[in-house]
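Novice: Okay, here's the structure, questions in a sec.
The values are calculated or read from the model by the stated rules, or taken from the named source; none is laboratory data. Keep in mind it's a predicted model, so treat the numbers as computed, not measured. A quick note on method: Cβ atoms are made from the backbone with ideal geometry, for glycine too, and the neighbour counts reach across all protein chains shown. With ligands, DNA and RNA removed, areas are computed over all heavy atoms of the protein, side chains included. Shrake-Rupley method; radii C 1.70, N 1.55, O 1.52, S 1.80 Å.
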Amino acid sequence: MTRYLVTLLAIALLMGCQTRATEPADALYQALGERPGIEAIVEDLLFRIVDDDRIAFQFRGIDAQQFIVGLSDQICELSGGPCQYTGKDMVTVHRGMAISDSQFNAVAEHLVLAMERHRVGTGAQNRLLALLVPMYPEIVRQ
């Protein structure tokens, strides 16, 4: 499963690098539905996470609204939107959580499912995943 996700993320990374010269800088932000669409995806993601026994325990006690706003800000900024992520860095946020590859994969799977539910196209999904892939070593600490 881990090998499958690594391959999928590598493909997404390569596809994410293929942008059209005429594409606006905020094209991904627009494809995600701008701020309202991103917030809906993140909220859907959180519902999926808390229903998944593999990872729900990692999220117990979090402030759901703060999670939604923070992750939405981060995705908004990464996707070329007008937001600025002012939260903690990923190492600090995930310190001491001992997140495994399978838990990371589960969250990535739920993110894809949330984007599919909100009718985000495959190309936009892959571009977002390509932007998130570099955070892997900051989240899954050996």
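Yes or no, residue by residue, for (1) charged (D, E, K, R); (2) out of contact with any Pro (no Cβ under 7 Å at 6 or more places or on another chain); (3) surrounded by fewer than 19 Cβ atoms within 10 Å (Cβ to Cβ); (4) over 26 Å from residue 23 (Cβ atoms):
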position: 40; (1), (2), (3), (4): no, yes, yes, no
position: 53; (1), (2), (3), (4): yes, yes, yes, yes
position: 59; (1), (2), (3), (4): no, yes, yes, yes
position: 91; (1), (2), (3), (4): no, yes, yes, yes
position: 97; (1), (2), (3), (4): no, yes, yes, yes
position: 128; (1), (2), (3), (4): no, yes, no, no
position: 133; (1), (2), (3), (4): no, yes, yes, no
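Novice: Could you run through segment 20-31 and say how many residues are open to solvent by less than 40 Å² (accessible area, probe 1.4 Å) and hydrophobic (A, V, I, L, M, F, W, C)?
Specialist: Within segment 20-31, the first condition is being open to solvent by less than 40 Å² (accessible area, probe 1.4 Å), and the residues that meet it are 27-29.
Pick out the ones that are also hydrophobic (A, V, I, L, M, F, W, C) and you get 27-28.
Residues in segment 20-31 being open to solvent by less than 40 Å² (accessible area, probe 1.4 Å) and hydrophobic (A, V, I, L, M, F, W, C): 2 in total.
Novice: Would you pick out the residues in segment 63-89 that are loosely packed, with under 13 Cβ neighbours inside 10 Å and aliphatic (A, V, I, L, M)?
Specialist: 64
Novice: From the list 109, 116, 34, which residue is closer than 17 Å to residue 140 by Cβ, modelled with pLDDT of 95 or more and open to solvent by 60 Å² or more (accessible area, probe 1.4 Å)? Steps first, answer last, please.
Specialist: Working: 116 fails: closer than 17 Å to residue 140 by Cβ; 34 fails: closer than 17 Å to residue 140 by Cβ.
The unique qualifying residue is 109.
Novice: Also, quick follow-up: Could you check segment 24-74 and list, in sequence order, the residues that are within 14 Å of the chain's Cα centre (by Cα), closer than 16 Å to residue 93 by Cα and β-branched (Val, Ile, Thr)?
Specialist: 68, 69
Novice: A further question follows. Cβ-Cβ distance below 8 Å, separation of 6 or more or different chains: which pairs start in segment 53-64 with a residue that is farther than 18 Å from residue 108 by Cα and end on one that is polar (S, T, N, Q) and outside any loop (DSSP other than H, G, I, E, B)?
Specialist: none
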